Amino acid sequence: MDENNLIKQLLMIGIGTTSLVAEKLREVADDWVKDGRFKPEQAAEFISEISDRLRSEQTNWEQIMQRQVKNIMQDLGVPRQNEIDELRGRIDRLERQVRDLENRSWR
């Protein structure tokens, strides 16, 4: 399982949800303006304020999700990319050593 891909997918879900909420918020604000509950300036300020809060919460949510995914991956024993890279390097070195030993035995 690719940790970065999972995080990206979760973030895209969060962004999509935030966009949907923002769109619905605009619709509600427009309806309130039509009904006379809000003046257009109040609606714009209301949308701006809520959108700012959503963006702030989105950032917090992203950070929380990244930490949670990392913790879950660690609990499952999924190695980090640097650990995989280190193992690949060790395998490469061992393969070279085996080839060198094989070449010596053929001489």
So is residue 59 out of contact with any helix residue (DSSP H, G or I) (no Cβ under 9 Å at 6 or more places or on another chain), hydroxyl-bearing (Ser, Thr, Tyr) and closer than 30 Å to residue 5 by Cβ or not? yes
Could you check region 38-90 and list, in sequence order, the residues that are assigned to a helix (DSSP H, G or I), assigned by TED's automatic domain parsing to the domain that holds residue 21 and basic (Lys, Arg)? 53, 55, 67, 70
Filter region 30-67 for residues that are exposed (fewer than 12 other Cβ atoms within 10 Å of the Cβ), polar (S, T, N, Q) and within 24 Å of the chain's Cα centre (by Cα); the one that is modelled with the lowest pLDDT is 59
Could we say that residue 58 is touching a Ser or Thr at 6+ places or on another chain (Cβ under 7 Å), within 18 Å of residue 22 (Cβ to Cβ) and of a type outside the set (A, V, I, L, M, F, W, C) here? yes
Quick one: is residue 96 closer than 30 Å to residue 23 by Cα and charged (D, E, K, R)? no
Just name the residue that is surrounded by the fewest Cβ atoms within 10 Å (Cβ to Cβ) out of those in region 1-29 that are in contact with a helix residue (DSSP H, G or I) (Cβ under 7 Å, 6 or more places away or on another chain) and either at pLDDT 75 or above or on the phi > 0 side of the Ramachandran plot (or both). 21
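The values are calculated or read from the model by the stated rules, or taken from the named source; none is laboratory data. In this text, all values refer to a predicted model and were calculated from it rather than measured experimentally. No Cβ is skipped: glycine too gets one built from the backbone with ideal geometry, and neighbour counts run over all protein chains shown.
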